[in-house]
Each structure stands twice: as structure tokens, then as C-alpha cells.
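The values are calculated or read from the model by the stated rules, or taken from the named source; none is laboratory data. Keep in mind that this is a model prediction, so the values were computed, not measured. We place every Cβ from the backbone using ideal geometry, glycine too, and count neighbours over all the protein chains shown. Calculation scope for accessible area: heavy atoms of the full protein, side chains included, ligands and nucleic acids excluded. Shrake-Rupley method; radii C 1.70, N 1.55, O 1.52, S 1.80 Å.
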Amino acid sequence: MINITIIGTGRLSFHLMNEILNNKSLHLNQIYGRSKFRPKNITDEVEYVKKLDGLKNSDFYFIAVSDNEIEKISNKISVNDGIVVHSSGTTDISVLSNHNHYGVFYPLQSFSYNRKLKFKKIPILIEGDTKKNLLKIKSLTKLFSKKVYTMNSKKRLICHLSATIANNFTNHMIMTAEKILNDNKINSEILKPIIKETFNKLNYITAREAQTGPAIRNDYLTIEKHLKELTDSDFLNLYKQITKNIKSDEF
């Protein structure tokens, strides 16, 4: 049985907690949080601690906090021979170098409290300070997911950048589209079928192959009509830039 301590009580911690509790090969020793009271998303089945000096010995310590807090937390904990991993896509492995054994366990996914995810399908990017520790991290990670990728900090950052564009930027575009409809008193639900189809197509063809719309067709008349509608919109310049990128097909 592999003993794990989670440091942090956010959305990733919540999902990690549930995965560990449902895996007979894993045992969740403790969860650390700053809150004086147990957060509502942390089950009573697990010991909740409010002081970092109260951590028990574990095989692995997951630092699942905001990126700017990782190094601070790392410098405050003493873990004996346990392996400390952070779960950040943008933070270099070296911030954990004050420990004897350390690495990275980064799930490339967006987490929400009200969404149940299939962890087995989530790509997890790992890194270790030594080959021996990397093998231990890989063995652990395979208990969580079937998609495990060894990747250094530079490549992991590139993955995070790409995921931000694909996920956060896309979601912002949809928010903008909904606002345009709502401002014109049109129910934004009308967009859901085309949004679903856009993403479903990516299961069968590449994004380049799936690209449609006036820009790829060089439909200047339609583009001019769109620009006219966006004259007073904050989205005008972004529409122009994205249209230019699609037309050139060069990034």
C-alpha cells in the first residue's frame, strides 16, 4: 500500500482525494489546508491538518497549491525519505530541490468540483530528479492513469501553454459569443449544438481539417458584415487578428 499526503484543498486536491480513496493500492494519510475548519469538499474519512509540522510520514507528498505558493510550501515541510511532487504545468522541478527525492505529477486537465472525470483517460506528465525516483513516480502514476508521459519542465510548459489556448481561450471565445447573443436578446442555448459538433469532430479529424467559416473560404463579404456588427465591440480587434491567422494558415 502506497501512503500519500496531499497538501492543498483546491479542485485538483478534491479529485486526487477521490481517486486515492477509490484505489485499494493507495492510502490517503492526510490532507493539509490553511482553513481553520475542514473545507466542505474534504471528506471526514481523511485526517485534516492545519499545520505543516504535523505531517505524518508518507511515501509521496503531493503539493497541489497555486503555482506561486509551491516553493514556499516546499521550503516549510520536512518529509524524511518521502518523494515530494508538485502538480504544476509551469513550475520548474528545481523549486523542490531542497528535498532528497522530488518530481512532478501534472494532470493535463481542467478540474471542477461538480464534474466527475475519468482519471484513467487524463494525460499525466511526470518528471523525477533521478532515474530511480522517476521510476517510482511512474509506477504510482500508472495507478491513476493509462496515459503517462515523461516530460521535462520546458516541454511541460509548452503543453500548459497549448492547453491554455485550447481550453481557457476557447471558453472565453464561447463566453464572448454568448454575450453577443444575450446583448441582442437571443438565447445563447442556440449555440450548443454547433459547439458540441466542433469538439466532437476532433475525435475523427485534426483541428486544421475541421476548420470552417468565412475566413478559410476567403468570404470577404461576410467578414465585412461581421466587422460592421462589431464596430463598437471590444472583440473587434481580436476578430480581425484571428481571421487574419486563419486566412494565412501560418502561426
query = When you scan region 12-74 for strands (runs of 3 or more DSSP E) that lie fully inside it, which ones turn up with 3 or more residues that are closer than 19 Å to residue 133 by Cβ and at pLDDT below 95?
reply = none
task = Only one of these is under 16 Å from the mean Cα position of the chain (by Cα) and not β-branched (Val, Ile, Thr): 125, 202, 143, 181. Name it.
result = 125
ask   = If you take the residues in region 112-127 that are touching a residue at least 24 places away in the same chain (Cβ under 8 Å) and open to solvent by 20 Å² or more (accessible area, probe 1.4 Å), which one is nearest to residue 80 (Cα to Cα)?
value = 127
Residue match in region 174-189 (condition: open to solvent by less than 90 Å² (accessible area, probe 1.4 Å) and among the acidic types (Asp, Glu)) = yes
inquiry  = I'd like to know if region 54-63 contains one or more residues that are more than 27 Å from residue 139 (Cβ to Cβ) and either in contact with a Ser or Thr (Cβ under 6 Å, 6 or more places away or on another chain) or open to solvent by 30 Å² or more (accessible area, probe 1.4 Å) (or both).
reply    = yes
Positions within region 151-178 being within 14 Å of the chain's Cα centre (by Cα), among the aliphatic types (A, V, I, L, M) and either closer than 21 Å to residue 199 by Cα or not in a helix (DSSP H, G or I) (or both), in sequence order = 161, 163, 165, 166
Residue list for region 47-65, filter: of a type outside the set (A, V, I, L, M) and in contact (Cβ under 8 Å) with a residue 40 or more places away in the chain = 56, 57, 58, 59, 60, 61, 62
